[in-house]
Amino acid sequence: MANSFFRNAFDRVVAARERQATRYVNGALMYLDDEHLTALGTSREELRRKGATRYVF
């Protein structure tokens, strides 16, 4: 019981951090121009649909 509780909590934390990292990367990719995004095989609309958070650093 204890192992499954901690494993479940850990898995949820990891999943949340993965979603946060994806939003961060998508936000960074939004700064690229359309030519570079096309070369990477994505578009602005696709990044918006996936979720993008722009961080100012």
Item to check | Extreme residue, positive dipole direction of the chain, given options Asn8, Ala21, Ser43 (C-beta unit charges) | outcome: Asn8
Checklist entry - Asn8 versus Tyr31, label points 7 Å from Cα toward the beta carbon: distance in nm? => result 4.0 nm
Checklist outcome for this item: Between (i) 76; (ii) 90; (iii) 134, the structure-derived volume of the Cα convex hull per residue in Å³ is (ii)
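Bear in mind these aren't lab numbers, they're just calculated from the coordinates by the rules spelled out. The structure displayed is predicted, hence computed values, not measured ones. We place every Cβ from the backbone using ideal geometry, glycine too, and count neighbours over all the protein chains shown.
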